[in-house]
Amino acid sequence: MSQTPDSALLRVSGVTVQFGGLKAVDDVSFEVYPGELLGLIGPNGAGKTTLMRAITGVVTANTGSIHLGDQELTHLPIHQRIRKGLAFSQQLVKPFRQISVLDNVALAAGATHTRSPLKSLLHTDSAHEREVARKMLARVGISRHADQMPGIQPLGVLKRLEVARALAQNPKLLLLDEPLAGLNSKEAATLADTIAEINRQGVTIILIEHNLGEVMRICQRLVVLDNGRRIASGAPREVMQQPQVRAAYLGTDAPTESTEAHSA
């Protein structure tokens, strides 16, 4: 399929998010196409997470529009955007610590049935949701932790749990906010491999990430923000050679695949 705005899965058009006199996101437009693994990158404070929150409805865009396929999301609340096909994994992992790893994912799988997380966990027949949860835990490689409690899990497992919870909602578009943050290089590489495999299985993904080595390795296309504005987009190697990207994101040094930016 040719990549034109009409064929895009997600269309972000002229989105601005302003907090008082500060424009955290300033007239940003871009598209995401079916099957893509798109890296959304930029220096600290560039507006990446705010833009993701505008897409998911956590914050309200002051201007612009957001479409998922032929459906406009701009003015919908979060739960309706989820039902339209968005799912997101947050940087700060906050599982329900009083229930098992499996039930955390089952709760997410039941979110399509009700706006109440409690009802989605406690409705009379949860066998289907638990079956979905077991499949998602296997998909992200943490099946052996299914019956354990989140409070005893290392960060690497919790990061994968967060991805499993998002996948349990069967999204058309998965947004991942710094899933590799806080992981050592081996953990980051193996989770990046998992993300790439999920993408190969047909899930369209937007990845916000400071680990440029892994971004360059697994992403097919990049969109770069700086000071709230889009400054570049395109193939990873081409984008990272553009002077404005080098100046804003990397300084004057030439980028390499092992380059990593400092995390927020």
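Can you find even one residue in the range 40-49 that is crowded, with 19+ Cβ neighbours inside 10 Å, free of Cβ contacts under 8 Å to residues at least 60 places away in the same chain and either in the same structural domain as Ile205 (by TED's automatic domain parsing) or assigned to a helix (DSSP H, G or I) (or both)?
no
Can you find a residue that is aromatic (Phe, Trp, Tyr) and either more than 20 Å from Asp226 (Cα to Cα) or part of a loop (DSSP other than H, G, I, E, B) (or both) anywhere in the range 94-106?
The answer is yes, given that some residue of the range 94-106 is aromatic (Phe, Trp, Tyr) and either more than 20 Å from Asp226 (Cα to Cα) or part of a loop (DSSP other than H, G, I, E, B) (or both).
Go over the candidates Ala164, Ala181, Ala108, Ala146 one by one and state the one that is of a type outside the set (Asp, Glu), under 28 Å from Leu40 (Cα atoms) and modelled with pLDDT of 95 or more.
Ala164
Being in a strand (DSSP E or B) and surrounded by fewer than 14 Cβ atoms within 10 Å (Cβ to Cβ): is that true of Gly14 here?
yes
Of the residues in the range 176-201, how many are in contact with a Pro (Cβ under 9 Å, 6 or more places away or on another chain) and on the phi > 0 side of the Ramachandran plot?
0
Do any residues in the range 120-133 that are on the phi < 0 side of the Ramachandran plot and at pLDDT 55 or above have Cβ atoms under 6 Å from those of residues that are of a type outside the set (A, V, I, L, M) and part of a helix (DSSP H, G or I), where the two are at least six apart or on different chains, and which pairs are they?
That search, which allows pairs on different chains as well, returns Glu129/Gly110.
Within the range 200-209, can one find any residue that is within 19 Å of Ser89 (Cα to Cα), modelled with pLDDT under 95 and crowded, with 22+ Cβ neighbours inside 10 Å?
yes
Considering (1) of a type in the set (Ser, Thr, Tyr); (2) in the same structural domain as Glu178 (by TED's automatic domain parsing); (3) within 18 Å of Leu155 (Cα to Cα), say which one Thr63 fails and leave the rest.
Every listed condition holds for Thr63 apart from (3).
Answer with yes or no whether Arg230 is assigned to a strand (DSSP E or B), basic (Lys, Arg) and touching a residue at least 24 places away in the same chain (Cβ under 8 Å).
Answer is yes for this residue.
Just checking, does the range 157-177 include any residue being β-branched (Val, Ile, Thr) and touching a helix residue (DSSP H, G or I) at 6+ places or on another chain (Cβ under 6 Å)?
Yes - at least one qualifying residue is present in the range 157-177.
Output the residues belonging to the range 1-48 that are basic (Lys, Arg) and farther than 21 Å from Ile218 by Cα.
Arg11, Lys23
Just wondering, is there one or more residues in the range 137-148 that are in a helix (DSSP H, G or I), among the hydrophobic types (A, V, I, L, M, F, W, C) and out of contact with any helix residue (DSSP H, G or I) (no Cβ under 8 Å at 6 or more places or on another chain)?
For the range 137-148, residues in a helix (DSSP H, G or I), among the hydrophobic types (A, V, I, L, M, F, W, C) and out of contact with any helix residue (DSSP H, G or I) (no Cβ under 8 Å at 6 or more places or on another chain): present.
So which of Ser263, Ser233 ends up being in the same structural domain as Ile78 (by TED's automatic domain parsing) and modelled with pLDDT under 95?
Ser263
Here is a check on your reading of the model: is Leu22 in contact (Cβ under 8 Å) with a residue 40 or more places away in the chain and either within 16 Å of the chain's Cα centre (by Cα) or surrounded by fewer than 20 Cβ atoms within 10 Å (Cβ to Cβ) (or both)?
no
The values are calculated or read from the model by the stated rules, or taken from the named source; none is laboratory data. Note that the structure is a prediction, hence the values are computed from the model and not measured. Because the Cβ atoms are built from the backbone with ideal geometry, glycine has one as well, and the counts that use them run over all protein chains shown.
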